[in-house]
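Notes to accompany the following structure.
Any read-out appearing in this document is the output of simple, stated calculations on the displayed coordinates, not a laboratory observation. All of these numbers come straight from a predicted model, not from anything done at the bench. Don't worry about glycine lacking a Cβ; one is built from the backbone with ideal geometry, like all the others, and counts go over all protein chains shown.
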Amino acid sequence: MSFNLEEYLPYGRWRRGQRNLAKEVFRTVVNGELLLAEYPTGAGKTIASIIGVLKAIRELGGGYKVFYLAKTKNQALQPFKELKKLRNKGIDVNFIFFRNKKDMCGFKHKMSYDEFIYTCNIYRKEGLCSFYKKTLKEDSEYFKALLDTAEDPMHFISLTRENGLCPYEVARALAGDAEFIIGAYQYIFNHEIRDVFLGSLNLDLNDIVLIIDEAHNLPDILSDMYSYSINEITIRAAKKEVRKYGGWRESLDFLTKLLSLIQGFKVQTKRLGWIEVNPSLLLSIAPETEVLNETLLNILRQKGFETPSKSYFYRIHKFILKLKAYNLGYTLVIRSREDILTLDLICFDVSREVSRIFNNVHSAVLMSGTLQPREYISSILGINPHKIREFRIPRIFPVENWLVYVATDVTSKYSERGDYMYRKIAEYINVIDRGVGEKCVRLVVFPSYDLMKAIMPYIESREMIIEREDTSISEVIRKIRDMDRPLILSVAGGKLMEGIEIRHGRKSLIRVVVVAGLPFPEPSIYSSKLIDVLAARLKSKDKAWQFVFVVPAVIRVRQSAGRAVRSDRDRVVVFVLDKRMLNEKVRKYLSLEFSNPRIVNGIQNLEREFAFINEFLSHN
Ligand code: SF4
């Protein structure tokens with residue numbers, strides 16, 4: 001087998017480790033294995049993986065389709081650009097881009113994703129979608145010309161819309177010839193979407209090579225994808241809807257019974273927070289699926305597709321269908337959230353949903369700048385460990401560019417939280433903000449929104465940018481431009497931490513990262529159920545606990561600090577304000593840059609360090 005990968009490289013040279021990554025990807029795909037690839041964000045793993053896979057599927061003689069799965073629109077941009085570069089270099093590679101169908105649709109509406117899919121099907125079948133009708137009349141040469149003109153994925157979507165076409169259907173028409181399909185996770189991990197999508201392309205799982213970007217997020221994303229909730233407000237609104245649109249009597253009676261059933265648990269949930277219930281309790285009062293289907297169809301037909309409103313009954317319909325397919329790995333709970341009763345169907349063991357996928361695709365590459373250990377991934381996702389290879393280069397920049405401090409007199413541990421601790425953590429943040437002389441971005445990462453809200457009143461900076469649930473990355477970048485010493489308050493695992501790149505050219509503008517408490521996931525029914533499953537699988541309760549709490553916390557710390565190092569000229573000072581950072585069970589999962597931290601056990605102790613810190617940063 002040939003290792004001449006250079007013929008595909010659209011750049012002048014490889015970056016450190018990049019060629020080895022491409023080679024490892026190539027071997028993995030040729031052997032039909034699964035690769036865990038840890039390689040720094042921004043160092044070029046997208047093109048390395050594409051080259052390795054492309055070379056391998058050509059070596060194997062074709063017939064394979066590569067699904068490059070990305071979580072967000074931004075993450076889908078990179079493979080699109082790299083594949084375009086390959087084409088510009090004269091390499092004949094076909095690719096196409098999909099977002100979720102709702103985002104691609106020609107209409108603007110506010111429906112939930114599932115409701116939209118349902119409605120789109122009706123509109124196509126009944127000939128009510130003008131975009132769809134026009135798309136059927138055009139040919140693939142015209143579609144290819146549109147794709148060639150598009151500069152990026154969003155441009156492709158707007159071009160097709162402007163031409164009166166359905167962007168999704170255009171992409172689907174091009175997917176047959178494409179070697180690479182860039183898409184959202186749902187195209188493979190949502191069973192209904194996958195079956196329809198692969199069926200339309202005449203593909204089986206073993207025809208597929210998966211590349212999954214930012215794969216450290218996969219367990220959480222999959223659990224969210226498979227879990228589903230409704231609350232008493234949804235049930236009441238659905239009742240109104242059924243009445244208004246003249247739905248079936250049986251559906252109306254069911255909603256009344258459902259409401260009184262969950263309200264019967266009000267006192268218990270208020271006292272305990274949540275209560276686990278047997279699904280048969282709900283299913284015993286639910287009508288036949290045909291009745292639910294007819295009611296929903298009736299509502300959607302009458303509401304009309306172009307009305308920007310959503311159906312509440314749709315959510316109930318979906319919840320009950322999910323419950324009817326209830327499986328091991330799920331639990332049903334009633335919770336009280338801000339005095340509203342919620343019914344949550346929680347998927348705590350995603351391996352039951354996805355192990356079949358990983359064990360049946362031809363090959364898969366799971367990539368991230370901070371990837372969990374092999375045993376973690378194989379046990380959580382249910383992957384055969386013998387099929388797994390590993391390639392890990394966690395950093396390509398010198399470890400000397402990191403200066404790490406751990407404060408040992410503070411913690412975000414639940415039992416030690418309170419006003420005294422919040423003030424103390426805030427005092428550290430204030431001292432760091434004042435003590436660092438550099439005009440640069442200071443990034444503070446809290447374990448949760450609640451903790452951020454508790455500590456924020458004591459923070460003194462006048463140039464604060466606070467992450468809220470609706471904060472956009474572009475808004476943050478705009479604000480930073482007008483500030484000298486912006487202090488960004490963000491949340492681990494939040495939107496800013498996953499997506500933000502604050503750079504000037506290749507150089508990061510973040511020089512200081514403060515981890516304001518170790519971001520352990522909050523204890524919940526999900527974590528306690530998952531610990532039980534993993535304890536049985538790993539034959540160790542302690543290891544299961546570490547996998548559920550410690551590993552995610554360490555990944556978040558590494559992600560937070562990694563935001564500041566995007567080139568070999570970047571230097572960063574990381575302050576971890578939590579004594580638990582020194583715990584052996586935490587340290588064993590940390591990477592080299594955290595292995596020798598400087599310890600401070602009080603504010604005065606830290607203040608004495610600033611001459612050293614500022615000298616360190618002056619070499620930037
Ligand atoms: S077929 Fe029509 S409704 Fe469906 S996604 Fe396309 S434009 Fe939207």
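Would the range 238-348 count as rounded, prolate or oblate if I go by the C-alpha gyration tensor, calling it rounded below 1.5 in a/c and otherwise prolate when a/b exceeds b/c, oblate otherwise? Don't skip to the end; give the middle numbers.
Working: a/c = 1.91, a/b = 1.67, b/c = 1.14.
Prolate, because a/c is 1.5 or more and a/b exceeds b/c.
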What FRET efficiency, computed as 1/(1 + (r/R0)^6) with R0 = 60 Å and r the Cβ-Cβ distance, is obtained for R249 and D152, rounded to the nearest 0.05? 0.70
The range 399-617, convex hull of Cα, quarter of hull surface, nm² -> 12.2
Relative pair counts by distance (%), Cα atoms of the range 402-523, 5 Å bins: 2, 10, 23, 24, 21, 12, 6, 1, 0
Could you give the spread of the C-alpha atoms of the chain along their three principal axes, from largest to smallest, in whole angstroms? 73, 67, 53
Residue span K585 to Y142: 0.36 nm per residue of separation minus Cα-Cα distance leaves a gain in nm of 153.7 nm
Longest DSSP-loop-exposure-free segment, GluC sites (Glu not before Pro), the chain, at most 15 other Cβ within 10 Å: 152-287
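Of K543/K588; K81/K310; K102/K134; K453/K579; K45/K413, which sit over 24 Å apart, Cα to Cα? Numbers along the way, then the final one.
Details: K543/K588 12 Å; K81/K310 35 Å; K102/K134 18 Å; K453/K579 21 Å; K45/K413 36 Å.
Where the Cα-Cα span goes over 24 Å, the pairs concerned are K81/K310; K45/K413.
I need to check one value: relative contact order of the chain, counting alpha carbon pairs closer than 8 Å and at least 6 residues apart, in percent.
Values: 999 pairs, mean separation 99.8, N = 620.
Relative contact order of the chain: 16 percent.
Could you pull out the pairs from K101/K479; K110/K133; K101/K257; K322/K541 whose alpha carbons sit more than 25 Å apart here? Could the numbers behind the result be given before it?
Working: K101/K479 33 Å; K110/K133 22 Å; K101/K257 35 Å; K322/K541 30 Å.
Going by Cα-Cα distance, K101/K479; K101/K257; K322/K541 fall outside the 25 Å limit.
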Please compute the modelled spin-label separation between E390 and R271, points set 7 Å along Cα→Cβ, answer in nm with one decimal. 4.8
Long-range alpha-carbon pairs in the range 526-620, meaning those over 16 Å apart, account in percent for 66
The range 524-593 to the range 169-216: how many Å between their Cα centroids? 32
Over the range 226-347, what is the relative contact order in whole percent, taking alpha-carbon pairs under 8 Å and six or more residues apart? 44
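Add -39500 (n - 2.57) for each DSSP H run of 4 or more in the chain, then divide by its residues: what number comes out at 222 nm, to the nearest 500 deg cm²/dmol?
Numbers: 30 runs with 294 residues, N = 620.
It lands at -14000 deg cm²/dmol.
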Mean separation of Cα contacts under 8 Å (at least 6 apart) over the residue count of the range 65-201, i.e. the relative contact order in percent, is 43
